[in-house]
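The values are calculated or read from the model by the stated rules, or taken from the named source; none is laboratory data. These figures come from a predicted structure and were not determined experimentally. Here the Cβ positions follow ideal geometry from the backbone for every residue, glycine too, while neighbour counts run over all protein chains shown. All accessible areas refer to the heavy atoms of the entire protein, side chains included, with ligands and DNA or RNA removed. Shrake-Rupley method; radii C 1.70, N 1.55, O 1.52, S 1.80 Å.
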Amino acid sequence: MKNHPFTHLLPAALGCAAAVLLAGHAHAATPANFSIHTASLALNFSVGKDGRLYQLPIGAPPPETPTARDAEVYPQAGDGYIWEPALQVVHADGNTSTDLVCDDLTRTNEAPGREVIRVHLHDPAYPFEVTICFRAHHDTDVLEQWVEIQHQEAGEITLLNMKSTSLLLSTNVYLTHFFGDWAKEMLRPITEQITPGTKVLDTKLGVRAEQFQSPSFILSLNGRATETTGEVLGGSLAWSGNSACEFDNHAEGVRALCGLNAFASAYHLKPGQTFTTPTMIWVWSDHGLGDMSRKLHAWARDFGVRDGHRPRAALLNNWEATGFDFDFNRIASLFGPAKQIGTELFLLDDGWFGNKYPRTNDAAGLGDWQPNHQRLPDGLTPLAAEAVKQGLRFGIWLEPEMVNPKSELFEQHPDWVIRQPKRELELQRHQLVLDLTRPAVQDFEWQTIHDVLSVPNVTYAKWDCNRYLTQPGSAYLPADRQSELWIDYVQALYRLMDRTATTFPDTELMLCSGGGGRADYGALRYFHEFWPSDNTDPVTRVAMQWDYSYFFPPLTLASHVTHWGNRPMHFACTVAMSARFGMDLDLPHLPATDQAVCAGAIAAYKQIRDVTLPGDLYRLEDPHDQYRGAINFVAPDQARAVVFVFQLQDGPQTAVRPQGLAPAKRYTLHELNPAPGRPAIPQEGHTLTGEELMRDGVIPSCSRAIEASAIELRAEQ
Ligand code: DGJ
């Protein structure tokens, strides 16, 4: 998209204040304009004669400076704005209206290509201020946006609605969103035109909030986008609690109001306190969905996840292999085969703790984080040491926020759980959520995390969360503060996660929530990766990982080989190789042929992870309702690439055309870990230019259902 030719573009650090000064008083006669730029996106704003701040809708033809209230930035309820507001406040004196006029604007260069813009507004009738903040990442076209609210009124004010963003777009907008459920997360993208009215994507589950509705979506302007064409704005709310993304199509365009869900969430703000909304992450492309994702992935590796440039280990997890049924010897018996087959890290899952109420199933023991004396008589230390002795790193599963009623913790602290008085306790997976707003619970959870991660040789942890909130009551919060539980919980959770990441900087963390119930950049900034779904059927994962990849780089997607779906081992391994490779297999009991396939896949993963994890992802053939799916990765220097083809049904063995190669480079083709008993790719060992490969394609070795090919392209030096 071209930058719109504003004639009054103000220099940095002037902005609305300059407008106000030039015009002489707060309600300036001459509107002034300013823009926020990234490489190919410009957000254009102007201050109206009424002193209010307006935005030119993205995708609208060059201005006409907008001044209709419909186009107001961050519209406020109660004094004239008739559509869905971004801000709704009850002032200390009971007034339910807010008016914001623009004061000034500051621009700060945080680093080359990274600018923070803060636009200050205030209500002339109250000592009430709002700062709309942007962090513009020039090269990746990513805009982070959040809002800060503060006041000096005579008493508390009540925030009823305070969105993170309320961007305006032109009217012809298509929305792609993702609805799912346990084992079906992100599976079904739905694309629909935003017709007049309001479309709402929201969640009210408190924790594990994204089980059904993802807070990530795509808006395409002026028609549906493809992987290579179209103006698209990807959005992802960095918040792990109740969220609402509302798309309000009214007279002036489509307004995207995203942020905290206003549902039952009145929040009180004392004079002098600042309320900071969650951050909304926007990414823009005028070259379609592929370019959008690659830019968001680049941002995520730098800012969205921890250690985004560090290679990820090949992992063995015991959950699918043993479930709750294990002891020291059973787990230790997995280490030798794990090392032999090539894995680098072992993750001990649920079931290692609880004594009065042993955690031998999911009905008991949660909250009692002492190693079970019968299973692990000497605790975790010797098990972790044994893993390291056999050449593996060691990781551990935790679910610090939860408790089974059948636990010593619940017996001692029945008032520590989130519940409603006078209502029968509602359990999910036999468990309850601990009330993290209570300082004693914060201390307990921190102590639990601290003690477990301090066990010598523990360098990885999986943080699980297996239920959501259905009875949002806190025995700790006062009666008139119950509505703050939703927000306070998540803020306390982030403090806990932050403390964990800061105290254990070398411990890698997987974010899990009974599958993908917490796939968001709010929590991910403290984590290295997330568990996309308990559904590890590789056929399902082809489409699921495709959908997640719109927003999350493959290095964050834990993809484990299991027996789910009883698919051929070669297919399962190839799917896992295309993200962060792991296995949940009972290795000692795996047939030798499957072991060989797994060993080959792990060796191949190690060979290509310096391409797939930092590289650019190109989605080539969409697996939804097609006979196959295909993607390719290109290393940052374009010297290597990997093409993956996943055949879901029988179909023609036609060429797959990779993208992103250097046209003049000459690449030699090599099939990675070819399937036993199947001829390798017809072009094995051939050398072709990038131009030829992108034009004529690569012929995969697969042609039948549930076969896969991974082909490395290596440029001549
Ligand atoms: C749910 C997770 O998604 C699984 O991977 C496993 O860790 C279980 N919880 C353990 O209870």
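Quick rundown of the values:
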{"read-out": "So Arg495, is it part of a helix (DSSP H, G or I), more than 19 Å from the chain's Cα centre (by Cα), surrounded by fewer than 18 Cβ atoms within 10 Å (Cβ to Cβ) and touching a residue at least 12 places away in the same chain (Cβ under 8 Å)", "value": "no"}
{"read-out": "Residue match in the range 473-483 (condition: in contact with a Lys or Arg (Cβ under 6 Å, 6 or more places away or on another chain), assigned to a loop (DSSP other than H, G, I, E, B), at pLDDT 95 or above and more than 16 Å from the ligand (Cβ to nearest atom))", "value": "yes"}
{"read-out": "Any hit, the range 444-454, residues being under 19 Å from Pro358 (Cβ atoms), free of Cβ contacts under 8 Å to residues at least 40 places away in the same chain and not acidic (Asp, Glu)", "value": "no"}
{"read-out": "Options Gly379, Gly323, Gly351, Gly395: the member that is closer than 24 Å to Asn535 by Cα and surrounded by fewer than 22 Cβ atoms within 10 Å (Cβ to Cβ)", "value": "Gly323"}
{"read-out": "Meets criteria (among the basic types (Lys, Arg), open to solvent by less than 40 Å² (accessible area, probe 1.4 Å) and modelled with pLDDT of 95 or more) for Arg359", "value": "yes"}
{"read-out": "Any chance Met569 is within 16 Å of the ligand (Cβ to nearest atom) and of a type in the set (A, V, I, L, M)", "value": "no"}
{"read-out": "Any strands (runs of 3 or more DSSP E) falling wholly within the range 269-377 and containing at least 1 residues that are more than 16 Å from the ligand (Cβ to nearest atom)", "value": "274-276, 279-285"}
{"read-out": "Among the residues listed as Gly113, Gly80, the single one being of a type outside the set (A, V, I, L, M, F, W, C), free of Cβ contacts under 8 Å to residues at least 40 places away in the same chain and in contact with a helix residue (DSSP H, G or I) (Cβ under 9 Å, 6 or more places away or on another chain)", "value": "Gly80"}
{"read-out": "Residues within the range 148-206 that are more than 20 Å from the chain's Cα centre (by Cα) and among the basic types (Lys, Arg), tallied", "value": "1"}
{"read-out": "Pair list, Cβ < 6 Å and 6+ apart or interchain, from the range 183-203 residues that are within 30 Å of His560 (Cβ to Cβ) to residues that are of a type in the set (Phe, Trp, Tyr)", "value": "Met186/Phe178; Met186/Tyr548; Pro189/Phe178; Thr191/Tyr174"}
{"read-out": "Odd one out for Asn404, checked against (1) under 27 Å from Gly517 (Cβ atoms); (2) in contact with a strand residue (DSSP E or B) (Cβ under 6 Å, 6 or more places away or on another chain); (3) surrounded by fewer than 20 Cβ atoms within 10 Å (Cβ to Cβ)", "value": "(3)"}
{"read-out": "Matching residues, the range 675-688, being without any contact (Cβ under 8 Å) to a residue 60 or more places away in the chain and crowded, with 18+ Cβ neighbours inside 10 Å", "value": "Ile681, Gln683, Leu688"}
{"read-out": "Failed item in (1) hydrophobic (A, V, I, L, M, F, W, C); (2) under 17 Å from the mean Cα position of the chain (by Cα); (3) crowded, with 23+ Cβ neighbours inside 10 Å, with Trp486 passing the rest", "value": "(2)"}
{"read-out": "Qualifying residue in the range 174-185 (condition: part of a strand (DSSP E or B) and surrounded by fewer than 20 Cβ atoms within 10 Å (Cβ to Cβ))", "value": "yes"}
{"read-out": "Selection within the range 528-548 - part of a loop (DSSP other than H, G, I, E, B) and crowded, with 24+ Cβ neighbours inside 10 Å", "value": "Trp531, Pro532, Ser533, Thr536"}
{"read-out": "Tally, over the range 498-527, of residues that are over 24 Å from Phe212 (Cα atoms) and assigned to a helix (DSSP H, G or I)", "value": "6"}
{"read-out": "Test: residue in the range 488-498 that is within 15 Å of the ligand (Cβ to nearest atom) and under 24 Å from Pro405 (Cβ atoms)", "value": "no"}
{"read-out": "Complete set of residues in the range 226-265 that are touching an Asp or Glu at 6+ places or on another chain (Cβ under 7 Å), at pLDDT 95 or above and open to solvent by 10 Å² or more (accessible area, probe 1.4 Å)", "value": "Glu231, Trp239, Glu246, Asn261"}
{"read-out": "Condition broken by Pro124, with the remaining ones in (1) crowded, with 19+ Cβ neighbours inside 10 Å; (2) in contact (Cβ under 8 Å) with a residue 40 or more places away in the chain satisfied", "value": "(1)"}
{"read-out": "Residue, least open to solvent (accessible area, probe 1.4 Å), within the range 428-443, restricted to residues that are farther than 12 Å from Glu401 by Cα and touching a residue at least 40 places away in the same chain (Cβ under 8 Å)", "value": "Gln428"}
{"read-out": "Any chance Val575 is aliphatic (A, V, I, L, M), open to solvent by less than 10 Å² (accessible area, probe 1.4 Å) and away from the ligand (no atom under 14 Å from the Cβ)", "value": "yes"}
{"read-out": "Residue in the range 279-288 that is buried (at least 21 other Cβ atoms within 10 Å of the Cβ), among the aromatic types (Phe, Trp, Tyr) and at pLDDT 95 or above present", "value": "yes"}
{"read-out": "Residue check for Thr448: open to solvent by less than 40 Å² (accessible area, probe 1.4 Å) and more than 23 Å from Ala363 (Cα to Cα)", "value": "no"}
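Residues are listed down the side, and each one gets a yes or a no for (1) assigned to a helix (DSSP H, G or I); (2) buried (at least 24 other Cβ atoms within 10 Å of the Cβ); (3) free of Cβ contacts under 8 Å to residues at least 12 places away in the same chain:
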{"position": "Gln607", "(1), (2), (3)": "yes, no, no"}
{"position": "Asp610", "(1), (2), (3)": "yes, no, no"}
{"position": "Arg619", "(1), (2), (3)": "no, no, no"}
{"position": "His624", "(1), (2), (3)": "no, no, no"}
{"position": "Ile631", "(1), (2), (3)": "no, yes, no"}
{"position": "Val645", "(1), (2), (3)": "no, yes, no"}
